[in-house]
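For reference, the structure is listed below as structure tokens.
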Amino acid sequence: GVPSKFELSQNYPNPFNPVTNLEFGISNFGFVTLKIYNISGKEVATLVNEQLQPGSYKVEWNAAEYPSGTYFYKLSTDVFSDTKRMLLIK
């Protein structure tokens with residue numbers, strides 16, 4: 001079914017090495033971005049950057065080329081934004 005609100009779930013597994021899953025729900029059609037940032041706030045990856053239909057989504061991030069540390073992932077739409085933290089341990 002279609003989520004009744006926008007939501008960004010905690011990644012799993014967390015901590016991870018090197019692959020983690022990011023899940024989110026979109027309640028309205030619109031442009032969606034899901035970006036990864038390092039501890040310094042520098043964008044290191046864009047996982048979603050497109051118009052999406054309402055629904056639930058799961059995206060995998062393979063961080064094999066990135067160093068261990070804390071990362072943040074941010075889901076943004078025209079009317080919603082949320083950021084969560086994750087830990088890469090190699």
Which one of the conditions (1) part of a loop (DSSP other than H, G, I, E, B); (2) surrounded by fewer than 16 Cβ atoms within 10 Å (Cβ to Cβ) does Tyr66 fail to meet, given that it meets all the rest?
(2)
Which condition breaks for Lys74 when tested against (1) surrounded by 13 or more Cβ atoms within 10 Å (Cβ to Cβ); (2) of a type in the set (Lys, Arg); (3) assigned to a loop (DSSP other than H, G, I, E, B)?
(3)
Got at least one residue in the range 37-46 being open to solvent by 40 Å² or more (accessible area, probe 1.4 Å) and either touching a helix residue (DSSP H, G or I) at 6+ places or on another chain (Cβ under 9 Å) or of a type in the set (Phe, Trp, Tyr) (or both)?
yes
Report, ordered by the first and then the second residue, all pairs with beta carbons closer than 6 Å, sequence separation of six or more or different chains, a first member in the range 78-90 that is at pLDDT below 95, and a second member that is in a loop (DSSP other than H, G, I, E, B).
Lys90/Asn17; Lys90/Ser68
Restrict the check to the range 6-18 and report whether at least one residue is open to solvent by less than 80 Å² (accessible area, probe 1.4 Å), in a loop (DSSP other than H, G, I, E, B), aromatic (Phe, Trp, Tyr) and modelled with pLDDT of 95 or more.
yes
Does the range 21-40 contain any residue that is part of a loop (DSSP other than H, G, I, E, B) and closer than 17 Å to Thr83 by Cα?
yes
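The values are calculated or read from the model by the stated rules, or taken from the named source; none is laboratory data. Since this is a predicted model, take the numbers as computed values, not measurements. When we count neighbours, we look across all protein chains shown, and the Cβ atoms used for this are built from the backbone with ideal geometry, even at glycine. The accessibility values were calculated without ligands, DNA or RNA, using every heavy atom of the protein model including side chains. Shrake-Rupley method; radii C 1.70, N 1.55, O 1.52, S 1.80 Å.
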